[in-house]
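Heads up, the thing below is written out as structure tokens.
Laboratory data are not the source of any read-out in this text; all were calculated from the coordinates shown. For clarity, every value in this text was computed on a predicted model and none was experimentally measured. Here the Cβ positions follow ideal geometry from the backbone for every residue, glycine too, while neighbour counts run over all protein chains shown.
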There are 2 protein chains.
Amino acid sequence: MTSTHSGSSAEDGPKASNMRSLSRALEVFAELQRAERPQRLSDLARTCGMSLPTTLRILRVLQDFGMVSQTDKSYRIGPAVLPAARSFLENDPLVVSARPVLQQVASQTGLTASLYTRLGFERILVARVDGEAPLRYDLPLGKRLPLTRGAAGKILIATASADELQQVVTAAIAAGHEDSSFTPEVLRSRLPEPGADYAYSADERATGVLSVAIAVQNRLGRPSESISLTSPVEAASEATLKAGVPELRRAAGRLSELLEGSVY
Amino acid sequence: MTSTHSGSSAEDGPKASNMRSLSRALEVFAELQRAERPQRLSDLARTCGMSLPTTLRILRVLQDFGMVSQTDKSYRIGPAVLPAARSFLENDPLVVSARPVLQQVASQTGLTASLYTRLGFERILVARVDGEAPLRYDLPLGKRLPLTRGAAGKILIATASADELQQVVTAAIAAGHEDSSFTPEVLRSRLPEPGADYAYSADERATGVLSVAIAVQNRLGRPSESISLTSPVEAASEATLKAGVPELRRAAGRLSELLEGSVY
DNA sequence: CGATCTATTTCATAGAATGAAACTATATTG
DNA sequence: CAATATAGTTTCATTCTATGAAATAGATCG
């Protein structure tokens with residue numbers, strides 16, 4: 001690393017360079033999330049590729065702010081993330097305005113309506129309104145899901161270039177969403193036909209689950225949000241879901257407008 | 001600022017000094033949460049007392065990691081906080097082990113059982129199991145609440161020194177939890193008698209709400225967690241709540257043990 | 001269209017962040 | 001239980017990053 005001038009390689013997480021200490025701190029923070037259990041200082045230092053003293057100093061500051069907790073010698077994500085998440089859910093303009101829109105689609109179609117945001121090479125569930133046949137008992141708000149599986153993931157990369165697709169594939173394997181035999185060709189075969197504005201999936205990310213999804217257009221750049229209709233296979237057919245597409249399209253349109261308008 | 005050597009004053013958020021850029025970044029992040037609406041660069045710079053370029057650079061890095069989102073010229077908390085919060089709720093040893101304990105207290109007493117963590121000079125709701133008479137429709141997980149009001153807050157500062165109490169008072173006024181006429185004397189009058197291991201409150205933080213709370217002991221240092229039993233006044237009396245104290249005491253004991261044992 | 005505010009880039013400098021090494025504490029093992 | 005290995009913490013000199021002033025570009029408003 002640090003070979004060329006500015007970081008634009010496909011590896012070291014988000015951009016390297018620029019505010020090194022801050023980037024490294026966020027790296028540590030991200031690592032604590034990935035590792036789904038308390039971590040020791042030396043583990044973190046090794047995994048993140050930085051020296052012990054540096055890692056220790058970072059952890060101490062994060063701890064001062066409650067972003068990290070420590071018990072004995074092990075560190076974990078701290079309680080300060082909860083108010084942050086709450087703030088996001090209550091104040092983010094998109095999330096807030098999406099709720100009634102999802103509500104309406106859900107009641108119109110009887111299906112579960114969800115909003116996803118792209119984050120790096122994954123997507124995150126940020127809002128959901130259940131339909132008549134709920135999908136699960138625990139609401140997986142904030143769950144990291146693949147871009148490569150499920151309608152709501154695929155529609156986000158439907159217009160990606162070959163180069164981007166390759167990155168997506170690499171990242172999906174690294175994140176454990178796909179096994180090492182996964183290739184851009186396999187991915188392409190799942191993506192919607194060039195003309196289509198929606199994606200469909202069945203038994204793709206989770207067995208027994210069907211879904212359709214549409215991207216939310218933001219005035220410029222690749223789409224980074226999508227909304228979907230989902231149902232357990234027992235409660236709907238491919239036809240049922242696809243019948244919901246026009247309604248979904250309308251919802252996506254409304255959301256796009258809200259994004260333009262209430263930009264504030 | 002920067003007058004004396006090392007920061008231990010009661011103002012500039014958590015400790016100053018040490019990893020300046022990281023501390024400042026977290027300051028910006030915290031400010032974005034406080035301000036419950038998108039913020040412009042110049043606002044943030046002014047509020048946090050740092051230069052425009054610095055603030056901009058911080059925001060860019062935070063944005064790279066999804067901790068901050070930008071639309072046009074305004075910044076807000078980003079979607080990356082959701083996976084973080086999820087990780088906390090699913091993996092934090094205390095939260096995880098508290099759930100069944102709260103569950104049991106709630107079903108034993110029929111009251112709502114909650115777990116709070118102290119964060120700075122506030123407390124945060126981290127887990128809750130509803131009783132027979134739920135308190136609200138929205139679950140205020142992650143909500144910032146005062147230490148100065150409500151049983152679960154007061155018990156966390158019941159053993160604090162005069163000095164600490166003064167800090168608590170100052171912070172509570174600053175956070176808008178109390179008005180400027182608030183004093184340590186007023187606070188003292190609310191706190192439990194020296195001997196008591198539990199706190200009681202009625203109509204204190206919210207009207208029509210009664211509660212009792214007990215601190216969760218961690219082997220050393222001030223307590224930073226508490227559990228409470230709460231009920232709307234229509235569904236319980238002071239006597240009902242206080243009858244739950246032994247059960248609550250047992251629950252707190254079990255949690256303490258878990259903290260010692262499964263430290264990992 | 002000029003004036004005022006805000007955002008962004010550039011750049012030289014101060015000082016913060018860094019890791020090697022020394023040191024301490026804690027765990028492991030014979 | 002001693003001896004040894006491993007993990008955590010502090011210190012400190014050096015380097016390079018973070019910083020803000022100033023210049024530039026862009027937006028907003030009268």
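Assorted remarks:
- Computed helical MRE - 222 nm, the protein assembly as shown, DSSP H runs ≥ 4 contributing -39500 (n - 2.57), nearest 500: -13000 deg cm²/dmol
- Label-point spacing at B:Ala239 relative to the other copies reads 6.5 nm, in ascending order, each point sitting 7 Å out from Cα along Cα→Cβ.
- For region A:129-264, the gyration tensor built on C-alpha atoms gives an oblate shape. Its axis ratio a/c (a ≥ b ≥ c) is at least 1.5, and a/b is not larger than b/c.
- Three-way shape label, region B:41-200, alpha-carbon gyration tensor, a/c 1.5: oblate
- Rounded to the nearest 20 debye, the dipole magnitude of chain B is 680 debye, with +1 charges on Lys and Arg beta carbons, -1 on Asp and Glu beta carbons, and the Cα centre as origin.
- Cα shape, region A:179-229, gyration tensor, a/c 1.5 rule: oblate
- A from B by rotation - nearest chain B beta carbon to the axis, in Å: B:Ala85, 2
- Between amide H atoms placed 1.01 Å from N, distances below 5 Å from B:Leu141 occur with no residue 5 or more places distant or on a separate chain.
- Nearest-first distances (nm) between copies at A:Ser107, label 7 Å from Cα via Cβ: 3.4
- If only the Cβ of Lys and Arg carry +1 and only the Cβ of Asp and Glu carry -1, the dipole of region A:150-264 around its Cα centre is close to 300 debye.
- Placed amide H near B:Glu178: partners under 5 Å, 5+ positions off or other chain: B:Ile173
- Charge dipole (debye, nearest 20) of the protein assembly as shown; +1 at Cβ of Lys and Arg, -1 at Cβ of Asp and Glu: 880
- A:Lys73 label point (Cα plus 7 Å toward Cβ) to equivalent points in the other copies: 5.3 nm, shortest first.
- At 1.567 mPa s and 4 °C, Stokes diffusion of the protein assembly as shown via Kirkwood alpha-carbon radius, µm² per second: 52
- Pairs of Lys in the protein assembly as shown closer than 19 Å at Cα, counting only those 8 or more apart or on different chains: 4
- Charge tally in the Cβ shell below 11 Å around A:Val126, where Lys, Arg are +1 and Asp, Glu are -1, A:Val126 excluded: +3
- Part-to-part distance (alpha-carbon centres) for region A:55-103 and region B:171-248, which is given in Å: 25
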